[in-house]
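The values are calculated or read from the model by the stated rules, or taken from the named source; none is laboratory data. From a predicted model like this one, the values you see are computed outputs, not experimental measurements. Cβ placement follows ideal geometry from the backbone for every residue including glycine, while neighbour counts extend to all protein chains displayed. What goes into the accessible areas is simple: the full protein's heavy atoms, side chains included, and nothing from ligands, DNA or RNA. Shrake-Rupley method; radii C 1.70, N 1.55, O 1.52, S 1.80 Å.
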Protein chains: 4
Amino acid sequence: MKPETLERIRKFSDDREWDQFHTPENLAKSIVIEAAELLECFQWSREYDLQHVKEELADVIVYSQNMIDKLGLDVDEIVNMKMEQNEKKYPVEKAKGSAAKYDQL
Amino acid sequence: MKPETLERIRKFSDDREWDQFHTPENLAKSIVIEAAELLECFQWSREYDLQHVKEELADVIVYSQNMIDKLGLDVDEIVNMKMEQNEKKYPVEKAKGSAAKYDQL
Amino acid sequence: MKPETLERIRKFSDDREWDQFHTPENLAKSIVIEAAELLECFQWSREYDLQHVKEELADVIVYSQNMIDKLGLDVDEIVNMKMEQNEKKYPVEKAKGSAAKYDQL
Amino acid sequence: MKPETLERIRKFSDDREWDQFHTPENLAKSIVIEAAELLECFQWSREYDLQHVKEELADVIVYSQNMIDKLGLDVDEIVNMKMEQNEKKYPVEKAKGSAAKYDQL
């Protein structure tokens, strides 16, 4: 995300004094609520309304960014830490072309 | 996210030929599944294990990025589009200090 | 559910003194967490492991029953109240054979 | 649930020919979507609107019943099977008064 997009997300909450509601717990609830609205775009069919998907996906991303900010995290640090775990859990030679969970590979 | 982090996310799926599983619908399911695992860090208490939170939040972010890639979206474009909607739905003078939904402001 | 099954659910929590954790908010979190585990049975495919589905569906039902008990609700009363709303929102002649949301019928 | 309530749930779908949409996968999505709407009642606060909670909880229960019907399950059988697992995973002497997960008891 560009610095000005990040800035816009932060300013939006600051202007409304919403930091008081943005506890880590409430943000975790908010992320799953928005993720379920994203899933609702696919509730009865694989077909979807792209504009609606974009809006709900953006909501997930904005609340995820709120949580990163709230906890003072670095997105590259946490993603790289997790990708390192994933790379070990799913070795290419075992996981290639398979959707099985790591404990069933 | 830095270009090399993005690249690592994409290479991870490419190497494992997982693009076939990454339909928009399956990614929407995956985002909500990981979001619920993040919420699980707060299931019985507001206290949390930071390392666990980082891992689950990273999973949400990685699947969100997978969906952005799958749909050929631009993260700044969709976030700005949504923030514009949010700024209109929640005018500062009405929303300041309130957690009410826009239709109850 | 048979009275003895209900009784078993209640005794399980009573014996462990878990009522203190079963606030309505925590139960709502728990229901969505278990619902996402149920969804995980279908994450990458429509095929599923029936035993796993049974276990996760049972978890959703048990936490839903915990919430009914916690709030002192009557399951028949709330389901009938909601079915009445649904019957009005989705008139047979409009909704027959359609998966559209009520505001798009 | 009383037989007439169950009957009402089944007739509602039958009348609208919705069985075609009620695949196990779609019902799993629907349960998590409704569970997240229930959670939304508690998004920013532990305070809640009881009527709203009743409606969303009823939705979770109705879709859970739809899944039970779809898979030809017996609610008492699956709940008792799961309670037996839970009773073993959480022995009273270890779990009493603790919200820890079974693998951390």
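This table checks each residue for (1) free of Cβ contacts under 8 Å to residues at least 60 places away in the same chain; (2) assigned to a loop (DSSP other than H, G, I, E, B); (3) in contact with a helix residue (DSSP H, G or I) (Cβ under 6 Å, 6 or more places away or on another chain).
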| site | (1), (2), (3) |
| --- | --- |
| D:LEU39 | yes, no, yes |
| D:GLN43 | yes, yes, yes |
| D:GLU55 | yes, no, yes |
| D:GLN85 | yes, no, no |
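The set of residues from the range B:20-37 being free of Cβ contacts under 8 Å to residues at least 40 places away in the same chain and in contact with a Lys or Arg (Cβ under 8 Å, 6 or more places away or on another chain) comprises B:GLU25, B:LYS29. Checked against (1) more than 19 Å from the chain's Cα centre (by Cα); (2) open to solvent by 20 Å² or more (accessible area, probe 1.4 Å); (3) more than 19 Å from C:LEU39 (Cα to Cα); (4) of a type outside the set (Gly, Ala, Ser), A:HIS52 meets all criteria but (1).
Does the range B:37-55 contain at least one residue that is out of contact with any His (no Cβ under 6 Å at 6 or more places or on another chain), at positive phi and at pLDDT below 95? Within the range B:37-55, not a single residue is out of contact with any His (no Cβ under 6 Å at 6 or more places or on another chain), at positive phi and at pLDDT below 95. Is there a residue in the range C:27-43 that is within 30 Å of A:ALA100 (Cβ to Cβ) and over 18 Å from the mean Cα position of the chain (by Cα)? Checked against the condition, which is being within 30 Å of A:ALA100 (Cβ to Cβ) and over 18 Å from the mean Cα position of the chain (by Cα), the range C:27-43 yields at least one hit.
Which of (1) acidic (Asp, Glu); (2) over 30 Å from A:ARG8 (Cβ atoms); (3) out of contact with any Lys or Arg (no Cβ under 7 Å at 6 or more places or on another chain) is the odd one out, the single condition B:GLU17 does not satisfy? With respect to (1) acidic (Asp, Glu); (2) over 30 Å from A:ARG8 (Cβ atoms); (3) out of contact with any Lys or Arg (no Cβ under 7 Å at 6 or more places or on another chain), B:GLU17 is out only on (3). Residues in the range B:60-83 that are without any contact (Cβ under 8 Å) to a residue 40 or more places away in the chain and polar (S, T, N, Q): B:SER64, B:ASN80. For A:GLU37, the criteria (1) surrounded by fewer than 19 Cβ atoms within 10 Å (Cβ to Cβ); (2) under 19 Å from B:MET67 (Cα atoms) hold in every case but one, which is (1). When the range C:1-14 is filtered for residues that are hydrophobic (A, V, I, L, M, F, W, C) and touching a residue at least 40 places away in the same chain (Cβ under 8 Å), the ones remaining, listed by number, are C:MET1, C:LEU6, C:ILE9.
Does C:VAL53 satisfy the condition of being aliphatic (A, V, I, L, M) and within 16 Å of D:VAL62 (Cα to Cα)?
Numbers: aliphatic (A, V, I, L, M): yes; within 16 Å of D:VAL62 (Cα to Cα): no.
So C:VAL53 fails the test.
Counting only residues that are assigned to a loop (DSSP other than H, G, I, E, B) and charged (D, E, K, R), the range A:1-14 holds 1 of them.
Each residue in the range C:82-105 was checked for being open to solvent by 40 Å² or more (accessible area, probe 1.4 Å), farther than 16 Å from A:GLN43 by Cβ and aliphatic (A, V, I, L, M), and 1 of them qualify. Being crowded, with 18+ Cβ neighbours inside 10 Å, within 14 Å of chain B (Cβ to nearest Cβ) and within 27 Å of D:GLU47 (Cβ to Cβ) is true of C:GLU25.
D:ASP76: assigned to a helix (DSSP H, G or I), touching a Lys or Arg at 6+ places or on another chain (Cβ under 7 Å) and surrounded by 13 or more Cβ atoms within 10 Å (Cβ to Cβ), yes or no?
On the way: assigned to a helix (DSSP H, G or I): yes; touching a Lys or Arg at 6+ places or on another chain (Cβ under 7 Å): yes; surrounded by 13 or more Cβ atoms within 10 Å (Cβ to Cβ): yes.
Here the answer is yes, as D:ASP76 does meet what is asked.
Mind checking whether some residue in the range C:56-73 is buried (at least 19 other Cβ atoms within 10 Å of the Cβ), among the small types (Gly, Ala, Ser) and more than 14 Å from chain B (Cβ to nearest Cβ)? The answer is yes, given that some residue of the range C:56-73 is buried (at least 19 other Cβ atoms within 10 Å of the Cβ), among the small types (Gly, Ala, Ser) and more than 14 Å from chain B (Cβ to nearest Cβ).
Considering each of A:GLU17, A:GLU47 in turn, give the residue that is within 14 Å of chain D (Cβ to nearest Cβ), under 30 Å from D:ASN26 (Cα atoms), open to solvent by 50 Å² or more (accessible area, probe 1.4 Å) and free of Cβ contacts under 8 Å to residues at least 40 places away in the same chain. Residue meeting the stated conditions: A:GLU47. Considering the range A:87-105, and only residues there that are basic (Lys, Arg) and part of a loop (DSSP other than H, G, I, E, B), the residue that is modelled with the lowest pLDDT turns out to be A:LYS101. Scanning the range C:15-36 for residues that are part of a loop (DSSP other than H, G, I, E, B) and not aromatic (Phe, Trp, Tyr) yields C:GLU17, C:ASP19, C:GLN20, C:HIS22, C:THR23.
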